[in-house]
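**Student:** Below is one structure. I have some questions about it.
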Amino acid sequence: MNQLSGLDITLFLFGISIFTFFLLIAISSAREKEKRATFVSLIMAFVFCSLFIVVAIVDSSPQGIFSWVLISLSSLTILSFTFPIDKKLRSNPDTPVSRLDERDVIFSRMKLKPGDGRYEEYYEKNPGKKALDDQLRSAPPLLSPETPFYHAFYSEKGRNIFDEVDLLYDKVDGNISKVRQNLDVDEITKEITRYAKQLHAKQVSVVSLLDHHLYSTKGRGENYGREIQKKHTFSIVMTVEMDRLLNRTAPTAPTTYESAVKYLQSGEIAVEIAAYIRKLGYSARAHIDANYELLCPLIGRDAGLGEIGRMGILMSPELGPRFRISVVTTSLPLKSNKRKRDLSMLEFCQLCNKCSNNCPANAIPKAGMREINGVKRWQINQDACFSYWKKVGTDCGKCMAVCPYSHPGTSFHRWVKRLIKRNILFRHLAVYMDDLFYGKYPKSYPLEKLTQA
Ligand code: SF4
Ligand code: SF4
């Protein structure tokens with residue numbers, strides 16, 4: 001038997017390394033219950049490994065020319081996708097010129113009832129919205145038994161939890177202790193962050209509260225139509241992670257159940273933190289699902305938690321859009337976090353378009369950003385999105401489920417996100433690889449499997 005040359009050994013080592021790499025991805029994907037990604041990784045493991053071994057065995061060219069070509073090409077490919085290469089990304093204008101009126105938000109409009117005065121006043125000023133709003137109001141409520149995706153377990157649990165969220169509204173504000181504690185700014189900022197994390201917030205960040213973070217006018221509740229004044233100086237922004245598997249069932253009921261669970265959890269954390277601050281002698285208000293005086297994505301972005309991507313909501317580098325957010329505004333002096341921008345996320349959105357291609361309502365733009373109210377951004381068609389919600393009876397969430405940033409925080413996905421951030425070529429490759437591993441139009445995770453688990 002011929003002795004193995006140094007070149008042959010190099011090829012075998014390359015083959016075994018690539019095999020191990022894809023095998024590890026396959027194991028990780030199997031744990032995530034991603035069948036297609038597991039299968040694709042296994043195929044790649046065998047194809048690449050065989051290629052190196054076959055070339056090592058059959059290359060009889062002088063000086064092993066084919067072996068050298070394969071080794072050089074592979075090394076060059078690995079280097080060009082992993083070496084830090086980026087063009088200088090420039091941020092766009094991102095401060096809104098004017099504040100948004102909460103009365104124009106679809107969820108506020110759905111609360112209007114003929115004869116309550118607000119209804120007549122609103123549609124007199126906005127006649128173009130009346131026909132669609134009347135039609136949407138007359139459709140059955142989300143998660144109700146008359147809706148197509150109704151599921152006795154998940155829909156009823158979801159309804160139950162949304163009722164619990166409603167009970168928190170009375171607790172968002174309250175009495176302030178007469179004894180005001182004298183606190184060190186650094187220490188109390190750390191303490192609040194620690195406390196929120198003990199209550200299971202995933203990310204916590206503090207930022208100065210600015211005028212453009214607030215709605216101009218209340219659009220819900222007893223203070224409807226009241227101008228919103230800036231009473232506080234700081235915002236504490238908190239997120240809670242949504243379960244990946246439940247979200248992958250989008251647009252069926254379990255994804256809305258998961259939204260409800262995380263709205264409740266994020267709401268409870270905000271209510272607790274606000275109450276604690278009031279006990280320390282400072283005013284504080286929790287802003288929770290359907291009871292906001294401000295725009296959470298905007299504050300989250302300014303607090304450095306992420307960027308507002310193609311689907312018009314906040315995306316963090318760690319969780320993508322797969323989280324719920326709550327905010328506490330307060331007069332307690334705190335230390336603001338420095339905003340660190342990750343423009344690679346917006347660059348990736350320019351290339352990706354997966355949410356837009358998978359949106360059943362065509363509500364997400366496919367084109368580039370446009371300037372809206374002084375901010376260059378993408379904006380979804382809120383009315384089209386909500387019309388789909390009412391049609392199926394859930395909060396859909398398909399865009400969140402298919403977003404490449406929504407994958408769980410395993411070592412593999414963290415590594416992919418790191419390369420997306422540092423290498424412009426890998427950004428292009430990642431768009432194609434996500435389609436190859438998970439499908440261009442990923443299927444919803446089957447409900448039967450969820451109930452069997
Ligand atoms: S799916 Fe793609 S385009 Fe849409 S938000 Fe996620 S990364 Fe951006
Ligand atoms: S929630 Fe559904 S309908 Fe709405 S934008 Fe996302 S994918 Fe489209």
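We did not get these values from a lab; they are worked out from the coordinates using the rules stated. Being a predicted model, the structure only gives us computed values, none of them experimental. All Cβ positions, even for glycine, are placed from backbone atoms using ideal geometry, and neighbour counts span all protein chains on display.
**Student:** Starting from the Cα of K129, draw a straight line to each of the lysines and keep only those under 26 Å, dropping any in the same chain fewer than 8 residues away.
**Tutor:** Cross-link targets: K111, K113, K218, K366, K376, K390, K391, K398.
**Student:** Follow-up question, since we're still on this one. Starting with the fewest neighbours, write out C349, C385 ranked by other beta-carbon atoms found within 10 Å of each beta-carbon. Spell out each step's value before the answer.
**Tutor:** Values: C349 24, C385 21.
Fewest-to-most ranking of C349, C385: C385, C349.
**Student:** Would you mind giving the average projected area, over all directions, of the Cα convex hull of the stretch 45-160 in nm² with one decimal? If you can, show how the numbers build up before the last one.
**Tutor:** Details: hull surface 70.3 nm².
Averaged projected area of the stretch 45-160's Cα convex hull equals 17.6 nm².
**Student:** Report the equivalent ellipsoid semi-axes for the chain in whole Å, largest first, defined as the square roots of five times the eigenvalues of the gyration tensor built from alpha carbon atoms.
**Tutor:** After scaling each eigenvalue by five and taking roots: 47, 26, 21 Å.
**Student:** Compute the whole-percent fraction of alpha carbon pairs in the stretch 217-344 spaced more than 21 Å apart.
**Tutor:** Numbers: 3700 of 8128 pairs.
So the pairs more than 21 Å apart make up 46 percent of the total in the stretch 217-344.
**Student:** Can you pull the three principal axis extents for the Cα set of the stretch 6-81, in Å, largest first?
**Tutor:** 47, 26, 17
**Student:** Kyte-Doolittle mean at least 1.6 and Cα extent at least 18 Å along the axis: which DSSP H helices of the chain qualify?
**Tutor:** Helices meeting the span and hydropathy rule in the chain are 6-31, 35-58, 65-82.
**Student:** Quick one, can you get me the convex hull of the C-alpha atoms of the stretch 111-206 expressed as volume per residue in Å³?
**Tutor:** Values: hull volume 21.9 nm³, N = 96.
In the stretch 111-206, the Cα convex hull volume per residue is 228 Å³.
**Student:** Any idea what the dipole of the stretch 102-402 comes to, in debye rounded to 20, about its Cα centre with Lys/Arg Cβ at +1 and Asp/Glu Cβ at -1?
**Tutor:** On the way: 46 positive and 37 negative charges, 121 e Å.
Dipole of the stretch 102-402, to the nearest 20 debye: 580 debye.
**Student:** Sticking with this structure for a sec: Within the chain, what's the longest run with no GluC sites (Glu not before Pro) in a DSSP loop and at most 16 other beta-carbon atoms within 10 Å? Give the range, please. Kindly include the intermediate steps, with their values, before the conclusion.
**Tutor:** Values: sites that count: E146, E222.
In the chain, the maximal stretch lacking such sites is 223-453.
**Student:** Once the stretch 238-282 is represented by equal point scatterers at the alpha-carbon sites, with solvent omitted, what log10 I(q)/I(0) does the Debye formula produce at q = 0.15, 0.17, 0.30 Å⁻¹?
**Tutor:** At q = 0.15, 0.17, 0.30 Å⁻¹ the computed log10 ratios are -0.47, -0.54, -0.97.
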